[in-house]
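Heads up, the thing below is written out as structure tokens.
The values are calculated or read from the model by the stated rules, or taken from the named source; none is laboratory data. Keep in mind that this is a model prediction, so the values were computed, not measured. Cβ sites come from the backbone with ideal geometry, for glycine too, and all protein chains shown count toward neighbours.
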Amino acid sequence: MDPTSPQGHDPDYGNSRHEFERPEQATRRSNWLGYLLAAAFVVAVAAGYLYVSGERQQRRDLVAANQSLAASLAQVQTQLQSVSERMSGLLAQTAPHPAPARVHAKPRVRTVYDSRVARNDPRLGDIQSQLSEHQKQIASAREDIDRTRSDLSQTRDDLQTNISSTKDELNGSIARTHDEVVVLQKRGERNYYEFAIDKSKQYSRVGPLSVELRKADTKHKRFDMMMLVDDNQLQKKSVNLYETLWISLSDRPQPMELVVNKITKDHIEGYLSEPKYKKSELQSSVPARPAGSTLQ
């Protein structure tokens, strides 16, 4: 008999409990608490998923806008090159032509005339207007690109913050030391199994699981491991320090949590937590109701 159970601790525990509340009331309260916790968990996961999906869609839209702006900038640069070639052709046409050596006055008059023609040519005004307009478009495109990059950076930071916040909400309390694991154990909500595993090709038993350390990266604080879950072999790669691994078993009402809080050379340490009761234990604790009876 478990010394921590109410029957093992005090023989008169059942009688004294009947004096305060009925077993049916305690069972209904326990069931409703489990339903509320499960609903809160599902809502948190759905909200996190929807938010991350929306952020990814916004990021894709921003990337598409950035590509469109880059294409516009390339088109503007092509037009600028074409305008520069046209200006070079016009300047070549308006340049003074060499005259015979015996004529000294005509080249000077020709040069003045061509310069005036070049200055008064309306095509030059059009080209200068086009250049000015293209320069404005280039400046505007650069501002849009800088603004898009800033928005992308801000979106990435916000997304990372929200993902971290969602993970913290889903993970609940994460023990980083042995003393913090003891504090979680005192809550009495889950069973906790601490472990210390070396790199090996053999599985080590941790609570209801079998785990095997394949790689421990001390520089980047992450590791690779294999697990046997319900006779199924699972591989987890590049798991970060303090990152929670959620493991669902068929006979558990809630997923188990595996956390590694120390990584050294070919060695990891951490803990595994599981719900205190299995589904079969929870169902067997519910008293059978007579046929046709209803909850009051």
Taking region 114-139 and keeping only residues that are modelled with pLDDT of 85 or more and either more than 17 Å from SER84 (Cα to Cα) or of a type in the set (Val, Ile, Thr) (or both), one is left with ILE138, ALA139
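Out of LYS237, LYS219, which single residue is without any contact (Cβ under 8 Å) to a residue 40 or more places away in the chain, assigned to a strand (DSSP E or B) and not small (Gly, Ala, Ser)? Walk me through it before giving the result.
On the way: LYS219 fails: assigned to a strand (DSSP E or B).
Answer to the selection: LYS237.
Kindly establish whether GLY89 is assigned to a helix (DSSP H, G or I) and either touching an Asp or Glu at 6+ places or on another chain (Cβ under 7 Å) or without any contact (Cβ under 8 Å) to a residue 12 or more places away in the chain (or both). Talk me through it step by step, then tell me what you get.
On the way: assigned to a helix (DSSP H, G or I): yes; either touching an Asp or Glu at 6+ places or on another chain (Cβ under 7 Å) or without any contact (Cβ under 8 Å) to a residue 12 or more places away in the chain (or both): yes.
Against the criterion (assigned to a helix (DSSP H, G or I) and either touching an Asp or Glu at 6+ places or on another chain (Cβ under 7 Å) or without any contact (Cβ under 8 Å) to a residue 12 or more places away in the chain (or both)), GLY89 qualifies.
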Only unsatisfied item for ILE163, checking (1) under 24 Å from VAL45 (Cα atoms); (2) at pLDDT 75 or above, is (2)
Taking region 240-256 and keeping residues hydroxyl-bearing (Ser, Thr, Tyr), touching a strand residue (DSSP E or B) at 6+ places or on another chain (Cβ under 7 Å) and not in a strand (DSSP E or B) leaves TYR242
- Message: Suppose the filter is at pLDDT below 95, farther than 14 Å from GLY270 by Cβ, assigned by TED's automatic domain parsing to the domain that holds ASN261 and aromatic (Phe, Trp, Tyr); does TYR193 pass it?
- Response: no
Those residues of region 229-254 that are surrounded by 15 or more Cβ atoms within 10 Å (Cβ to Cβ) and at pLDDT below 90 come to a total of 6
Scanning region 11-51 residue by residue, those modelled with pLDDT under 55 and assigned to a helix (DSSP H, G or I) turn out to be TYR13, GLY14, ASN15, SER16, ARG17, HIS18, GLU19, PHE20
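Say we look at region 212-248 and pick out the residues that are of a type in the set (Val, Ile, Thr) and farther than 10 Å from VAL260 by Cβ; which of these is nearest to the chain's Cα centre (by Cα)? Give the steps one after another, and end with the answer.
Taking region 212-248 first, the residues of a type in the set (Val, Ile, Thr) are 218, 229, 239, 244, 247.
From what's left, farther than 10 Å from VAL260 by Cβ: 218, 229, 247.
Values: THR218: 23, VAL229: 26, ILE247: 20 Å.
That would be ILE247.
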Of the candidates VAL45, VAL83, VAL63, VAL76, the one satisfying the condition of being in the same structural domain as ASP146 (by TED's automatic domain parsing), farther than 22 Å from GLN130 by Cβ and surrounded by 13 or more Cβ atoms within 10 Å (Cβ to Cβ) is VAL45
